[in-house]
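Please read the structure below before turning to the comments.
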C-alpha cells in the first residue's frame, strides 16, 4: 500500500472505530448506584475486540488497574478458568456473563470492549478506546458503563490511558461511598 493510500485507510479506520466507540464528546459514566452498593467482589472476564489478542490484553490491564487501585471493600478476581470465554469473547452475552459471575461466586463481573487504530504514519500516536461494563451477577444487568479513550505512541500505554479514563468515575464513586462504611 502506498503512503497516501495507507494514510487514507488509517483515517477511514480511525473514523470507523471512533464512531463505534463514541468519540463524540465524552459521555458521563452510567451508574446503577443501588446495585453498586451491593457489590463487594468482582471477576474480570474477557473483553471483546475485532482485533485478535486485544481483548485479553485489555482484560488483563483492567484487572491490574482494579487490583492496584486497592478500592475499599472490593475483592477483585481474574477468571482464568473460563477458557471457552477467552477463546470466543464475542459470545459473552450479558446472560452468560451473569451466569459466570454466579458460578464463580462474585457479586459482579467486569467485561467490555477494546479497539485500537494503528497510526497511519510511523511515529504517530495510536488511538484506543475501551468500554468497561460491570454486570450484576444476580440479574446480568449493566450497573456501570463508561468508555475511555487513549492516545500514545506506545500501544499498551494508550490502552492504559483509556482504561484509566473508563474506570476513574467508578474509582471516585467507590472511594466516596465506601470510606464511611
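The values are calculated or read from the model by the stated rules, or taken from the named source; none is laboratory data. Nothing here was measured: the structure is a model prediction, and the numbers come from that model. As a convention, Cβ positions derive from the backbone with ideal geometry for all residues, glycine included, and neighbour counts pool all protein chains shown.
So residue 53 ticks every box in (1) within 15 Å of the chain's Cα centre (by Cα); (2) at pLDDT 85 or above; (3) surrounded by fewer than 13 Cβ atoms within 10 Å (Cβ to Cβ) but one. Which box is left unticked?
The one condition residue 53 does not meet is (2).
Of the residues that sit in the range 119-137 and are surrounded by fewer than 21 Cβ atoms within 10 Å (Cβ to Cβ) and touching a strand residue (DSSP E or B) at 6+ places or on another chain (Cβ under 6 Å), which one is nearest to residue 57 (Cα to Cα)?
Taking the range 119-137 and keeping what is surrounded by fewer than 21 Cβ atoms within 10 Å (Cβ to Cβ), we get 119-126.
This time we only want the ones that are touching a strand residue (DSSP E or B) at 6+ places or on another chain (Cβ under 6 Å), so: 119, 125-126.
On the way: 119: 19, 125: 19, 126: 16 Å.
Ranking the candidates gives 126 first.
Among the residues of the range 70-77, is there at least one that is more than 17 Å from the chain's Cα centre (by Cα), modelled with pLDDT of 90 or more and farther than 18 Å from residue 35 by Cα?
Yes, the conditions are met somewhere in the range 70-77.
Which condition from (1) touching a strand residue (DSSP E or B) at 6+ places or on another chain (Cβ under 7 Å); (2) surrounded by 18 or more Cβ atoms within 10 Å (Cβ to Cβ); (3) at pLDDT below 95 is the one that residue 140 breaks?
Only one criterion in (1) touching a strand residue (DSSP E or B) at 6+ places or on another chain (Cβ under 7 Å); (2) surrounded by 18 or more Cβ atoms within 10 Å (Cβ to Cβ); (3) at pLDDT below 95 is unmet by residue 140, namely (1).
Go through the range 78-110 and report how many residues are within 25 Å of residue 175 (Cα to Cα) and at pLDDT 90 or above.
Qualifying residue count, the range 78-110: 7.
Any idea which residue in the range 148-158 is nearest to residue 93 (Cα to Cα), counting only those that are touching a helix residue (DSSP H, G or I) at 6+ places or on another chain (Cβ under 6 Å) and surrounded by 18 or more Cβ atoms within 10 Å (Cβ to Cβ)?
In this case the residue turns out to be 148.
If residue 174 meets every condition in (1) at pLDDT below 90; (2) surrounded by fewer than 21 Cβ atoms within 10 Å (Cβ to Cβ) apart from one, which number is that one?
Here residue 174 meets the rest and fails (1).
Given the criteria in contact (Cβ under 8 Å) with a residue 12 or more places away in the chain and in a strand (DSSP E or B), does residue 144 qualify?
The answer is yes for residue 144.
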